[in-house]
Amino acid sequence: MQKALLNLKTSVQRVRDIACDIDNNASAALANPTALARHETTQCAATVILSGFLESFMRETAEGMISEICARNVPFQDLPDKIRVTHFLAGGYFLHERAKYERKTGAFAMTESANVVRRLASVGIPQPPYELLWEAFADTQANPGPDAIGDFLRNFDVQKPIPALAAAMNVSANTLVIRLRSFIEVRNECAHTGSSSKVPTTSDIQDYCDLVEQTANGIVLVLQTVLARAPFALPTINAQPPPAVPPPTP
């Protein structure tokens, strides 16, 4: 998960650099309508790209989280109900879509679908190891707003995902929902029309960068909390005190 977070921050920094470059050339753009239009298009595109970065982060994080869970060697029947249900229910849907894609593209060997089936069935063995289907946990609904993020965390057995995420980000749940919805509304308008009735300013873009990074940090903190509790918590090894050193012989 830390790798996914690092990848996100590296990507977001590129958008920050673009916003700074636009600011540095603002005076020239104001005198040139063509340059101004180009900047406004870039500002709309940057908002869409940021949403894509958050989606990619969530997918990478799902894969990392599932790897962590599988590595804990918890018997499948002892996993939280939500995780077991997601593996089968969302996993079955993923298999359906993958098989449809392979048939459509003429890949009649269905090797990818067979791999999904293998991983789905791997939990039938009473004891680990098994392979949870990480793709079943990675659905961002192509729209990483509060509802999609809430469902994402809920699949990992986070009972109250948005309040938990808001607490990890040190903001109120209401504030988080408003900021995410506002961001996604602008993102959707830019993505579907190529522009926006109110073009995001460079200040808006920097705020969106902050929101995306803070949300990603919060997601990692929430999932780390999940891993730190039963049944995933690793056993604590009680440290033994060092042996007593006898006093020097007089």
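Derivation of every value follows stated rules applied to the coordinates shown; laboratory data play no part. All of these numbers come straight from a predicted model, not from anything done at the bench. Here Cβ is always computed from backbone atoms with ideal geometry, including for glycine, and neighbour counts include all displayed protein chains.
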>> Give me the Å³ per residue figure for the convex hull around the C-alpha atoms of segment 108-238.
In response: 167
>> Can you sort Thr202, Thr215, Thr225 from fewest to most other Cβ atoms within 10 Å of each residue's own Cβ?
In response: Thr225, Thr202, Thr215
> Hey, how much of the P(r) for segment 1-122 falls beyond 16 Å, as a percent of Cα pairs?
Replying inline: 74
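Determine Rg/Rh for segment 36-75; Rg is computed over alpha-carbon atoms and Rh is the Kirkwood hydrodynamic estimate from the same atoms. Provide the component values of the computation, followed by the final result.
Working: Rg = 17.5 Å, Rh = 12.4 Å.
Rg divided by Rh gives 1.41.
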>> Helix-only mean residue ellipticity at 222 nm, the chain, DSSP H runs n ≥ 4 weighted -39,500 (n - 2.57), per residue, nearest 500. What is it?
In response: -22500 deg cm²/dmol
>> Given an 8 Å cut-off on Cα distances and at least 6 residues of separation, report the relative contact order of segment 159-226 as a percent.
In response: 44
>> Show me, bin by bin at 5 Å from 0, the whole-percent P(r) of segment 1-50 based on Cα pairs.
In response: 5, 20, 24, 19, 13, 8, 5, 4, 1, 0
>> At a 4.7 angstrom Cβ threshold, list every cysteine in the chain that has nobody to pair with, or say none.
In response: Cys20, Cys70, Cys209
>> So for the chain, averaging the separation of alpha carbon pairs under 8 Å that are six or more residues apart and normalising by length, what relative contact order in percent results?
In response: 29
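At 10 °C and a viscosity of 1.306 mPa s, what translational diffusion coefficient does Stokes-Einstein give for the chain, taking Rh as the Kirkwood radius over Cα pairs? Give it in µm²/s as a whole number. Show your work: numbers first, answer last.
Details: Rh = 20.8 Å.
After rounding, the answer is 76 µm²/s.
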> Where does the Debye-calculated log10 I(q)/I(0) of segment 92-141 sit at q = 0.14, 0.26, 0.27, 0.29 Å⁻¹, using only Cα point scatterers of equal weight, no solvent?
Replying inline: -0.39, -0.97, -1.01, -1.07
> Roughly what angle does helix 173-193 make with the longest principal axis of the chain, taking Cα atoms, 0 to 90 degrees, to the nearest 10?
Replying inline: 50
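Could you compute the net charge surrounding Ala191? Neighbours are other residues with a C-beta less than 14 Å from the C-beta of Ala191; K and R count +1, D and E count -1. Provide the component values of the computation, followed by the final result.
Working: positive: Arg187; negative: Glu55, Glu185, Glu189.
Net local charge, Ala191 excluded: -2.
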> Mind checking the angle between helix 2-24 and the chain's longest principal axis? C-alpha axes, 0 to 90 degrees, to the nearest 10.
Replying inline: 20
> Using the alpha-carbon atoms, what tilt in degrees (0 to 90, nearest 10) does helix 111-121 show relative to the longest principal axis of the chain?
Replying inline: 50
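Counting other C-beta atoms within 10 Å, which of Phe152, Phe88 has the fewest, and how do the rest follow?
If I rank by nearby Cβ atoms, fewest first, I get Phe88, Phe152.
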